[in-house]
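Here is the structure we will look at.
Throughout, read-outs are computed from the coordinates displayed, never taken from laboratory work. Not measured: the values here are computed from a predicted model. Cβ coordinates were reconstructed from backbone atoms using ideal geometry, including for glycine residues, and neighbour counts include every protein chain displayed.
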Amino acid sequence: GNSVTQMEGPVTLSEEAFLTINCTYTATGYPSLFWYVQYPGEGLQLLLKATKADDKGSNKGFEATYRKETTSFHLEKGSVQVSDSAVYFCALNSYSGGGADGLTFGKGTHLIIQP
Amino acid sequence: DTGVSQDPRHKITKRGQNVTFRCDPISEHNRLYWYRQTLGQGPEFLTYFQNEAQLEKSRLLSDRFSAERPKGSFSTLEIQRTEQGDSAMYLCASSLGREPEAFFGQGTRLTVV
């Protein structure tokens, strides 16, 4: 079956530090990969996506590259801000048998950015 | 606002009572999903509709849970004879056609006492 493993949190960084949140996956079929973000008191928001191997998703300074050979989709940002403090979820959607199986999420990584 | 909306935002109920939640998806989206999220975990898929047809059900969805989307627009999720283990955030999401990403509502937080 499908599964997503992401690094445990909380991850605490200083403002302007470099961020990496690791994500690896197991999937049947040809998954699309996503990072969702949940800011305090808000719903899940799509941050970025990649739909095939070697695609790079990017948004708001965040990037992630779909690496099929290592089954990974690590999230990176060169210089984090206090406003990036949130919970980040790695997810995949694997279409098998012609249907949509729904998103499979990791447990989430709580990111805390200190000024 | 044309995002996914869920009602109510919070629900406290006594064990054994029935509860019903509503989700209004983004208007042109034909796919609708329900997820459950417990503290410290990622959302877990419960069920999926394409238009009015319920096409997928997770084994997490016990017989006490039922979901409907009668006209292919809004959806309801009912939990009968609630148990304390049902306490969670229930999330609704919608998507369009074969686009893989889904857009989420803010959720309904259920507390069973």
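Can you compute the modelled spin-label distance between B:Asn51 and A:Glu69, with each label point 7 Å from Cα toward Cβ, in nm?
Label at B:Asn51, label at A:Glu69, 4.5 nm between them.
Among the listed pairs A:Lys49/B:Lys57; A:Lys68/B:Lys57; A:Lys52/B:Lys11; B:Lys11/B:Lys57, which are separated by more than 31 Å between their Cα atoms?
Details: A:Lys49/B:Lys57 25 Å; A:Lys68/B:Lys57 28 Å; A:Lys52/B:Lys11 40 Å; B:Lys11/B:Lys57 24 Å.
Over 31 Å Cα-Cα: A:Lys52/B:Lys11.
Among all the aspartates and glutamates, which ones have a C-alpha under 13 Å from A:Lys77's C-alpha, if same-chain residues fewer than 8 places away are not counted?
Within reach: A:Glu15, A:Glu16, A:Glu63.
Hey, can you grab everything whose amide H is under 5 Å from the amide H of B:Gln17? Only 5+ residues off in sequence or another chain; H modelled, so Pro and N-termini drop out.
For B:Gln17, the qualifying residues are B:Thr82.
Mind running the shape call on the range A:30-100? Use the C-alpha gyration tensor, a ≥ b ≥ c as the square roots of the eigenvalues: rounded below 1.5 for a/c, prolate if a/b tops b/c, oblate otherwise.
On the way: a/c = 2.90, a/b = 1.50, b/c = 1.94.
In terms of gyration-tensor shape, oblate.
Just tell me how shielded A:27-35 is by partners: mean number of partner chain Cβ atoms within 10 Å of each residue's Cβ, no decimals. Show your work: numbers first, answer last.
Working: counts 0, 0, 0, 0, 1, 3, 1, 3, 0.
Whole-number average of other-chain Cβ neighbours for A:27-35 is 1.
What are the residues whose amide H is under 5 Å from the amide H of A:Leu47, where those residues sit 5 or more places off or on another chain and H is modelled from the backbone?
Those qualifying (amide H under 5 Å, at least 5 residues apart or on another chain) are A:Trp35, A:Tyr36, A:Val37.
Between B:Ser5 and A:Glu42, what is the spin-label point distance in nm, taking each point 7 Å from the Cα along the Cα→C-beta axis?
Reported label-point gap for B:Ser5 and A:Glu42 is 1.9 nm.
Exposed loop sites here are trypsin sites (Lys or Arg not before Pro) in DSSP loop states with at most 16 other C-beta atoms within 10 Å. What is the longest stretch of chain B lacking them? Write down the numbers at each step before the final one.
Values: sites that count: B:Arg9, B:Lys14, B:Arg15, B:Arg59, B:Arg64, B:Lys71, B:Arg81, B:Arg98.
Segment B:16-58 is the longest.
Within 10 Å of each Cβ in peptide A:47-53, how many partner chain Cβ atoms are there on average? Round it to a whole number, please.
Numbers: counts 0, 1, 3, 1, 3, 0, 0.
That average works out to 1.
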